[in-house]
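> First, the structure itself, so that you have it in front of you.
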Amino acid sequence: MKNQRTTRQTRVIRDRKERVKPGCEEAIRQCEAAAALVKAAGDELADCWNTLAREISSGTSATGLLRKRAWCNVLELRLRERAHALEAARLAVDAVWPDIVSAVRGRDLLNRLLRRNNNELSAAHQVWPLLVQGATARNPETNPLK
């Protein structure tokens, strides 16, 4: 027979986890997206600087160099904007961090409770066959397998 108290506790913990999860997941998702945008902007800026260096060494016209340098400036501004967006996303994750930690602790508590119940159950499953064997060995007439 199932323990109703455990089921009720499990449901409460699961409901609390589901209530906390969407805001936390959204904050983490936004932080990851902002980090990906920063990385992409940084890679694009590095490529632009490499291209500018190659054009300087190859002797491109002054107008071409000015255009390439202006484009590098635009990419630097883009990188700064994305870095500010990443900082805002990081602050949003910091704001929901206590909820994340609480959800993880609740999940750990639930897992420990379930492991303890499973260990008690598995111990009973290991002992029961031994008890049956001992009873049938002492009294062969009561052997249910005959």
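> If you add up the charges near Leu75, with Lys and Arg at +1 and Asp and Glu at -1, over every other residue whose beta carbon is less than 14 angstrom from its beta carbon, what do you get?
Within the 14 Å Cβ shell, the charges total +2.
> Could you compute how fast segment 26-105 diffuses translationally, taking Rh as the Kirkwood radius over C-alpha pairs and applying Stokes-Einstein at 37 °C with viscosity 0.692 mPa s? Give it in µm² per second.
225
> Mind giving me the FRET efficiency for Asp43 and Val101? R0 is 25 Å, r the Cβ-Cβ distance, nearest 0.05 is fine.
Calculated value: 0.15.
> Which order do Thr51, Thr63 take when ranked by solvent-accessible area (1.4 Å probe, heavy atoms of all protein chains), largest first?
In descending accessible area the options line up as Thr63, Thr51.
> Another question about this same structure. Starting from the Cα-Cα distance between Arg69 and Ala53, subtract it from 0.36 nm times their residue separation and give me the gain in nm to one decimal.
4.8 nm
> Please report the net charge: other residues with Cβ closer than 13 Å to the Cβ of Gly64, K and R +1, D and E -1.
For residues surrounding Gly64, the net value is +3.
The values are calculated or read from the model by the stated rules, or taken from the named source; none is laboratory data. Computed from a predicted structure; not experimentally measured. No Cβ is skipped: glycine too gets one built from the backbone with ideal geometry, and neighbour counts run over all protein chains shown. Surface accessibility is based on the protein's heavy atoms, side chains included, excluding ligands, DNA and RNA. Shrake-Rupley method; radii C 1.70, N 1.55, O 1.52, S 1.80 Å.
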